[in-house]
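Notes follow the structure.
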Amino acid sequence: LVDLWATWCAPCKAEFKHKDALFELLSSFDKTVVVYLSIDRLEDEASWKENVKHFGLGGLHLRASDRLVEELKRKIYGGKSLSIPRYLLIAPDGKVINGDLPRPSQMEELKKVLDKVLGK
């Protein structure tokens, strides 16, 4: 599960209060990993790292390069500008299973989608 976010995105940070419930939900599925993918610029790297620490975010943490941001715009957003937060489900082979999951604050809807897609 990929969480697209940025340090300047208040709605993204508001979703972090649901992180424990998200990790609990994902623990019921084999081999799921949360990847927090920040679209912050390189010059905001210190702020990005501080936010990860401040919110106590588990999982993996990456900051998207400009090239990756352009790929996301093309592949996930159909060439339109990015809007975040956005949640993606990506298979181990890189295939996008779902490019617009419900937010963690919509836990029941998210659970239904994951149950259907991941076979629970």
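Quick notes on this one:
- The alpha-carbon atoms of region 33-78 define a convex hull whose volume equals 72 cubic angstrom per residue.
- Per-q log10 I(q)/I(0), the chain, q = 0.18 Å⁻¹ (Debye; single scatterer per alpha-carbon; no solvent): -0.97
- Surface composition of the chain: carbon and sulfur atoms hold 52% of the protein heavy-atom accessible area at a 1.4 Å probe.
- Tensor-based shape of region 69-120 (alpha-carbon gyration tensor, a/c under 1.5 rounded, otherwise prolate or oblate): oblate
- Count, lysine Cα pairs under 22 Å in region 1-69, 8 or more residues apart or across chains: 7
- Put simply, the amide H of residue 97, placed in the peptide plane, has neighbours under 5 Å in 89, 90, 91, leaving out anything fewer than 5 places away on its chain.
- Solvent-accessible area per residue for the chain (1.4 angstrom probe, square angstrom): 61
The values are calculated or read from the model by the stated rules, or taken from the named source; none is laboratory data. All values reported here derive from a predicted model rather than from experimental measurement. Protein only, heavy atoms only, side chains kept; ligands, DNA and RNA dropped before computing areas. Shrake-Rupley method; radii C 1.70, N 1.55, O 1.52, S 1.80 Å.
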